[in-house]
1. Could you derive backbone 3J(HN,Hα) for region 61-71 from the dihedral phi with the Karplus parameters 6.51, -1.76 and 1.60 (θ = phi - 60°), listing whole Hz in sequence and x where the residue is Gly or Pro?
2. Apply 1/(1 + (r/R0)^6) to the Cβ-Cβ distance of residue 292 and residue 245, taking R0 = 45 Å, and write down the FRET efficiency to the nearest 0.05.
3. Just tell me which lysines come within less than 22 Å, Cα to Cα, of residue 112; anything on the same chain fewer than 8 places away is out.
4. Relative contact order (percent) for region 109-236, with alpha-carbon contacts under 8 angstrom and 6 or more residues of separation?
5. What nm value, rounded to one decimal, do you get for the distance between residue 275 and residue 318 when each label is placed 7 Å out toward the C-beta?
6. Hey, what's the chain come to in accessible area per residue, 1.4 Å probe, Å²?
7. For residue 145 and residue 354, what does the FRET efficiency come to when R0 = 35 Å and r is the distance between their Cβ atoms, rounded to the nearest 0.05?
8. Dipole of the chain, Cα-centred, from +1 at each Lys and Arg C-beta and -1 at each Asp and Glu C-beta, to the nearest 20 debye?
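The values are calculated or read from the model by the stated rules, or taken from the named source; none is laboratory data. Just so it is clear, the model here is predicted, and its values are computed rather than measured. Glycine gets a Cβ as well: all are built from the backbone with ideal geometry, and neighbour counts include every protein chain shown. In case anyone asks, the SASA skips ligands and DNA or RNA and just uses the protein heavy atoms, side chains included. Shrake-Rupley method; radii C 1.70, N 1.55, O 1.52, S 1.80 Å.
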Amino acid sequence: MSRPLSQMLAIPASPDALHDPEELLRRLKATGAFQLQSAQIRDGSLIAEIASGGETFHAEAYPLEFQIPELYRCQHLFPDVDIEAIERAQLGLAVEMEFNKNPLTSYHLQLKLICTLVPNLLAILDDSSEKILSGRWALLAAQSRVAPAPRYLYTAQAVSGEDDCVWLHTHGLNRCGCPELEILGSTKETYQSHYHVMETLANRLLDEDELPEWEEPFFLAYAAQDIPLIVTLIPWRDAVEHYPEEMTGGKADRAEGHNDYTCAIFVYPSEESIDKGEYSSLSIYDELLQDNPIYMITTSETNRMHDLAAERLPYFISAFQDKRNKLLGKFGLLIDEEHRTEDNCREHIWFEILDIRENRFLARLTQEPYYVSGVHEGYECEFTPEDLTDWLIFTPERRIAPDDVYILELSS
């Protein structure tokens, strides 16, 4: 099927320039963020072909009056003054673009396009994923050489009914050429652990060259150290047949939405069940999913996290000077030989930063490794910045990751 356009709406601090497509065109021509192949103004809309990474993308931008939908999730922290300005705003710039086979680089390019067209950006309504993004975050992301995290491409929503039933489903994956994902029959007690399964699968699918077929087994994680979690995708029309029609997310909920390219997550509990094609509800793993499952992160995502952590390392080092902060760094330890594979030879694990000096980190291990014998919680070691995969800053007010450094810019 053809994928829908990625639809975003840029909210400027001042909407004056949005009425002038010639000014928007001048900004496109002056940018260095990508190459402008062609552009034209038609009926008040700016239609452009832009190129990046050797590929060409079609985009369109036009002024649009708006109201923020109630169900949109606010992804970022906004100062009160920005919230008030967003609530007063009535006009934005709609920016539509078709993604290519690499959704993450496409998304990154769309952010660059928005920041080029609307330099005084206040916020973005990502209509495809139904979330609200900070303009400050978007500007930092657009200036970065590293794409944002895959989770920005979609939103997972939890809808609860009158009973204990919770229906988990995504918005935003269709624009990436992937089916929207669902988990039916979750509960208020289990939906958080089910959400982690859905998020992990979404991120994996976004990184796959080819999507798995319906009912095909797909290794996702270890529910426990020796118990694999094998999931499979079932089209929604087949999935709802396993549940009561009036259940939240059941057949009766499909008249006005969630009735196109969407599928539910089920599991195969054994090799025999795979051979017979007998899939089961994710709920059979509920007890194990409460006990810290081992979710696999792809090599490309590990590299992306490492690159962003390295690019924004000055924020991390600066935060260490404030002794009220606690810093954690994720470093890769060489795993035991019997556990190594062609794609993975390191276990990336969190350390507390004890000291930073002469471009070295003295760090203490905060947890037990799974696949590194002879090393235990409390182990201390020195690392270089090249060893750092990810980092976290815990201030007295909040947790800040490399993706969140826009928060530090709020008070600067």
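1. Listing the rounded values in order: 9, 7, x, 8, 6, 8, 9, 6, x, 4, 7 Hz.
2. 0.80
3. 29, 101, 131
4. 14 percent
5. 6.1 nm
6. On the way: 20540 Å² over 412 residues.
Normalised by residue count, the accessible surface of the chain is 50 Å².
7. 0.70
8. Dipole size: approximately 1780 debye.
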